[in-house]
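Let me begin by presenting the structure, written as structure tokens, before commenting on it.
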Amino acid sequence: MQAVQVKVLNSKIGTHPDFPMPTRATDGSAGIDLRACIDEAMTIKAGATHLVGTGLAVYIQDPNYAGMILPRSGLGHKHGIVLGNLVGLIDADYQGELMVSVWNRSSDDFVLNPAERMAQYIVVPVARPEFEVVTDFSDESVRGAGGFGHSGRH
């Protein structure tokens, strides 16, 4: 994979100590943390969602890859802060600001502070198959046309 291009849209990022350039926390980290690029703390009421900018635009360019915005497990578990769309899929040709739909699914208000880590971004490979229209499948799987939940508990 070629390099992914990152465009800084807010001059605080990389120049202000609270707004570092995004990096992996450890060598084993799959993604980078996305921070709330806001000027002042915002209260996210219980049950509410807010669209929060990151101050960054990412251009993957290679259609064999896509970006994904995922929730941070600690925020979700401890505070009920997850993504309003559960997972954000960022196409390879998107060049706009990465925005995070922050959803407070808890019963308590949550204060999101400037530069707070609110989500994480990963790049994943994308299979791009051609689709062949058929009247019947070439063979029958064990599951066949069993409905939703068919392979789980009975």
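List every residue whose amide H lies under 5 Å from the amide H of Tyr65, counting only residues 5 or more places away in sequence or on a different chain, with H placed 1.01 Å from N in the peptide plane.
Hits under the 5 Å cutoff: Val126.
Starting with the highest mean, order 108-114, 133-139, 65-71 by the number of other Cβ atoms within 10 Å, averaged over the residues of each peptide.
Descending mean neighbour count gives 65-71, 108-114, 133-139.
Under the Karplus relation 6.51 cos²θ - 1.76 cosθ + 1.60, θ = phi - 60°, what is the ordered set of whole-Hz ³J(HN,Hα) values for the range 82-97, x standing for Gly and Pro?
Rounded to whole hertz, the list is 10, 8, x, 9, 6, 9, x, 9, 10, 5, 4, 9, 6, 10, x, 4.
Pull out a ≥ b ≥ c, the square roots of the eigenvalues of the alpha-carbon gyration tensor of the range 72-154, then state rounded if a/c is under 1.5, prolate if not and a/b is larger than b/c, and oblate in the remaining case.
Oblate shape, in that a/c is at least 1.5 and b/c is the bigger or equal ratio.
So which aspartates and glutamates pass the test for Lys78, namely a Cα distance under 18 Å, with those fewer than 8 places away in the same chain ruled out?
Leaving aside aspartates and glutamates fewer than 8 places away in the same chain, those within reach of Lys78 are Asp33, Asp108, Asp109, Glu116.
Based on alpha-carbon centroids, what's the gap between the range 1-53 and the range 70-136 in Å, whole number please?
13 Å
So what is the accessible area of the chain per residue, in Å², with the probe set to 1.4 Å?
68 Å²
Would you pull out the residues with amide H under 5 Å of Leu56's amide H, same chain only if 5 or more places away, H placed 1.01 Å from N?
Placed amide hydrogens put Leu9, Leu98 under 5 Å from Leu56.
With a point put 7 Å past each Cα toward its Cβ, work out how far Ala127 is from Phe148 in nm, to one decimal.
In this crude label model, Ala127 to Phe148 measures out at 2.3 nm.
Hey, can you grab everything whose amide H is under 5 Å from the amide H of Met118? Only 5+ residues off in sequence or another chain; H modelled, so Pro and N-termini drop out.
Leu34, Arg35, Ala36
Out of these labelled values of Cα extents along the principal axes in Å, (1) 43, 33, 27; (2) 70, 41, 25; (3) 59, 42, 28, which was calculated from the coordinates shown here?
Here Cα extents along the principal axes in Å agrees with entry (3).
Of the heavy-atom accessible surface of the chain (probe 1.4 angstrom), what whole percent is carbon and sulfur?
On the chain, the fraction of accessible area on carbon and sulfur atoms equals 51 percent.
Please compute the modelled spin-label separation between Ser101 and Gln2, points set 7 Å along Cα→Cβ, answer in nm with one decimal.
Label-label distance for Gln2 and Ser101, simple model: 3.1 nm.
The values are calculated or read from the model by the stated rules, or taken from the named source; none is laboratory data. Keep in mind that this is a model prediction, so the values were computed, not measured. Positions of Cβ are generated from backbone atoms using ideal geometry, with glycine treated the same way; all protein chains shown enter the neighbour counts. Protein only, heavy atoms only, side chains kept; ligands, DNA and RNA dropped before computing areas. Shrake-Rupley method; radii C 1.70, N 1.55, O 1.52, S 1.80 Å.
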